[in-house]
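Colleague: This is the structure I want to talk about, given as C-alpha cells.
The values are calculated or read from the model by the stated rules, or taken from the named source; none is laboratory data. The structure presented is a predicted model; accordingly, all values stated were derived computationally and were not measured. Cβ atoms come from the backbone with ideal geometry, glycine included; neighbour counts cover every protein chain shown.
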Amino acid sequence: MTRNNQHSRDMVTKRSAPGRREPALDADQAARRLAALGNPTRLALFRLLIRAGTEGMNIGEVQARAGIPPSTLAHHLRALTDAGVVRQEKRGREVINTALYAAIDGLLAYLTDECCLGFGDGTACAPGGEVAGKDTAAKGALAAE
C-alpha cells in the first residue's frame, strides 16, 4: 500500500465514530453517493444535517429549517438514506436524521485514493497540485488541464 493510500484510509478512521470504519467503496457505491448529493435540494439538506452535528435533527425541525413540503422532504431524505450518507433512527415518536460522516470520509478517500501516483511516465502531481516529473512538456500539458 502506498503512503497516499494509507493516508486516505486513515482519514476514514479519524472522522468515524470510535471503533467504526466505513468499508471501502466500489465505483457503483461512490457514484450513488455522488448522484444523491448532486441534487441541489439534497445537497442543502445534507449540509443542514452536517450543521446539526452528531445529534442530528428530527423530521419536523428539518422541514421547518429547509422550508420543503413534507412529501418532497420525505423523497429527498429517502434518496440520501438509500445512498448511505444519512441515517434515520426512530427515537420514541421522533425520527432523527443524522449525516453519516464516515460515509463522506469514505467517499473522499475513494476519490483521492490514487492522488499523486502518476501514470508511470515520470510525471505525477506533488501535494498541492503542482506537477512533478522529468518531462517539462508533460508538466505544461498537465498544468493546462
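Colleague: Does at least one position in region 119-129 carry a residue that is among the small types (Gly, Ala, Ser), surrounded by 15 or more Cβ atoms within 10 Å (Cβ to Cβ), at pLDDT below 95 and not in a helix (DSSP H, G or I)?
Modeller: Taking every residue of region 119-129 in turn, at least one turns out to be among the small types (Gly, Ala, Ser), surrounded by 15 or more Cβ atoms within 10 Å (Cβ to Cβ), at pLDDT below 95 and not in a helix (DSSP H, G or I).
Colleague: State all residues of region 62-85 that are within 10 Å of residue 45 (Cα to Cα) and within 15 Å of the chain's Cα centre (by Cα); if no residue qualifies, say none.
Modeller: Matches in region 62-85: 80 only.
Colleague: Do you know which residues across region 47-61 are out of contact with any strand residue (DSSP E or B) (no Cβ under 6 Å at 6 or more places or on another chain) and closer than 15 Å to residue 96 by Cβ?
Modeller: Result: 48, 51, 52, 53, 54, 55, 60, 61.
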